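See below for the structure under consideration.
The values are calculated or read from the model by the stated rules, or taken from the named source; none is laboratory data. The structure displayed is predicted, hence computed values, not measured ones. Here Cβ is always computed from backbone atoms with ideal geometry, including for glycine, and neighbour counts include all displayed protein chains. Note: areas computed on protein heavy atoms with side chains; ligands, DNA, RNA excluded. Shrake-Rupley method; radii C 1.70, N 1.55, O 1.52, S 1.80 Å.
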Amino acid sequence: QVHLVESGGGLVQAGDSLRLSCEVSGRADSTYGMGWFRQAPGKEREFVAAILWTGSNTVYTDSVKDRFTISRDHAKKMVCLQMSSLKPEDTAVYYCALATSVYLLTGIIEERNYDFWGQGTQVTVFS
């Protein structure tokens with residue numbers, strides 16, 4: 001009964017910025033953290049960024065570190081991904097996901113540890 005809906009994707013020029021949002025509806029038994037994954041054409045889905053729901057600790061994949069910022073808003077039940085200095089290689093469908101529990105902190109980057117997923121939003125960066 002938990003639903004995640006992404007928004008904010010679009011077509012932008014290299015160097016531009018985009019802000020993706022993910023709204024959570026319904027009720028989860030618990031929330032360990034939320035993350036963003038992406039899948040480019042011909043490639044497997046990969047981890048992008050994650051944030052712990054309590055404490056706000058964040059994790060980023062090396063390719064987006066210092067360019068992307070993940071944040072959460074408890075009041076609005078949303079998680080956002082602010083993307084700057086976008087590159088063509090950032091082109092992908094971006095998915096947000098919610099993890100109800102993870103055994104180890106390092107598990108927050110593992111796709112298999114997420115229980116709910118949105119349908120994705122397309123981000124296309126051209127040069």
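Return yes or no: is Pro41 touching a Ser or Thr at 6+ places or on another chain (Cβ under 9 Å), farther than 21 Å from Asn113 by Cβ and at pLDDT below 95? The answer is yes for Pro41.
You will find that of Arg72, Arg27, the residue that is modelled with pLDDT under 95 and part of a strand (DSSP E or B) is Arg72 and no other.
Taking Thr54 as the residue in question, decide whether it is touching a residue at least 12 places away in the same chain (Cβ under 8 Å), among the β-branched types (Val, Ile, Thr) and open to solvent by 10 Å² or more (accessible area, probe 1.4 Å). So Thr54 does not fit the description; no. Before we move on, is Gln119 part of a loop (DSSP other than H, G, I, E, B), in contact (Cβ under 8 Å) with a residue 12 or more places away in the chain and open to solvent by 60 Å² or more (accessible area, probe 1.4 Å)? The answer is yes for Gln119. One residue stands out among those in region 24-40 that are surrounded by fewer than 17 Cβ atoms within 10 Å (Cβ to Cβ) and touching a residue at least 40 places away in the same chain (Cβ under 8 Å): the one that is farthest from the chain's Cα centre (by Cα), which is Asp29. Does region 79-100 include one or more residues that are at pLDDT 95 or above, in a loop (DSSP other than H, G, I, E, B) and open to solvent by 70 Å² or more (accessible area, probe 1.4 Å)? Yes; the residues of region 79-100 include at least one that is at pLDDT 95 or above, in a loop (DSSP other than H, G, I, E, B) and open to solvent by 70 Å² or more (accessible area, probe 1.4 Å).
Each residue in region 37-69 was checked for being basic (Lys, Arg) and assigned to a strand (DSSP E or B), and 1 pass.
Arg67 passes every criterion in (1) of a type in the set (Lys, Arg); (2) without any contact (Cβ under 8 Å) to a residue 24 or more places away in the chain; (3) open to solvent by 70 Å² or more (accessible area, probe 1.4 Å) apart from (3).
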